[in-house]
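Structure, as structure tokens:
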């Protein structure tokens with residue numbers, strides 16, 4: 001029996017199956033509870049950690065078994081062209097404020113992460129991992145890897161940033177009396193990517209569409225700006 005279990009745990013199918021199964025469970029939990037903080041990625045991560053702990057499997061072995069999924073994740077960034085295309089008419093009408101707003105937000109998230117990290121004496125590798133935290137996961141993973149950060153740590157930060165933005169972002173916008181649908185959508189998409197976009201769609205189709213557009217633009221801008229800003233500080 002132990003030999004059979006060992007063979008199962010060593011199989012790449014086991015690692016990918018665990019990842020996909022945990023994520024599916026996370027999706028079901030989020031749909032049933034409607035709790036924004038219970039994002040599938042977060043729930044799946046906790047489930048995977050619990051299973052690895054119970055089975056005694058190392059993270060290194062599990063990570064190796066998910067190499068293919070990591071490769072596919074990077075390729076999935078191309079789907080961000082879809083929201084840009086669907087909202088091309090709005091981008092043409094408001095191209096300057098949209099690009100300036102999303103650009104300013106993208107630069108601000110990168111610069112603040114670097115400055116706060118340096119002030120607190122954080123290790124350079126961790127700071128580099130923090131830089132793309134406001135991107136959607138596929139882009140953040142690739143940017144972190146390119147900069148020399150820790151992609152797994154970056155993904156965790158992406159999830160936490162998205163949850164924080166989705167939970168507290170709308171309330172902060174209300175306090176600031178920002179009620180324009182386009183402005184709210186662009187803010188949520190720029191700062192809290194896909195999770196913020198999910199929250200934006202609960203406020204309306206325009207808000208959600210603008211958030212999708214901002215998520216795509218912010219990810220693209222970060223991919224170009226992150227190495228330049230990192231070079232300036234390091």
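All of the numbers you see were taken from the coordinates with simple rules; none came from a lab. Nothing here was measured: the structure is a model prediction, and the numbers come from that model. Heads up, the Cβs are rebuilt from the backbone with ideal geometry, glycines too, and the neighbour counts pull from every protein chain shown.
Brief remarks on what is shown
- Annotation: for a label point projected 7 angstrom from Cα along Cα→Cβ of residue 202, residues of the range 142-165 with backbone N closer than 15 Å are 162-165.
- Förster-model FRET efficiency, 35 Å R0, residue 233 and residue 35, C-beta, rounded to 0.05: 0.40
- The chain, helix-only ellipticity at 222 nm - DSSP H runs n ≥ 4, -39,500 (n - 2.57), divided by all residues, nearest 500: -27000 deg cm²/dmol
- Listing 20, 47, 176 from fewest to most neighbouring C-beta atoms within 10 Å gives 176, 20, 47.
- For the peptides 36-43, 112-119, residues were scored by their other Cβ atoms within 10 Å and the scores averaged per peptide; the highest-first order is 36-43, 112-119.
- Between residue 69 and residue 171, the simple spin-label model (points 7 angstrom out along Cα→Cβ) gives 3.2 nm.
- Relative to the longest principal axis of the Cα atoms of the chain, the long axis of helix 95-119 lies at roughly 50 degrees.
- Residue 54-residue 16 FRET efficiency (beta carbon distance; Förster radius 22 Å; 0.05 resolution): 0.75
- With all pairs of different C-alpha atoms in the average, the Kirkwood value for the hydrodynamic radius of the range 19-130 is 17.9 Å.
- On Cα atoms only, tilt of 151-175 relative to the major axis of the chain in degrees: 40
- Acute angle (nearest 10 degrees) that the helix 40-55 long axis makes with the longest principal axis of the chain, alpha-carbon atoms: 20
- Each principal axis of the Cα cloud of the range 181-234 was evaluated for its coordinate range; sorted largest first, these ranges are 41, 14, 13 Å.
- The chain: proportion of alpha-carbon pairs further apart than 27 angstrom, %: 38
- Its Cα gyration tensor gives the range 98-221 an equivalent ellipsoid; the semi-axes, largest first and in whole Å, are 25, 14, 12.
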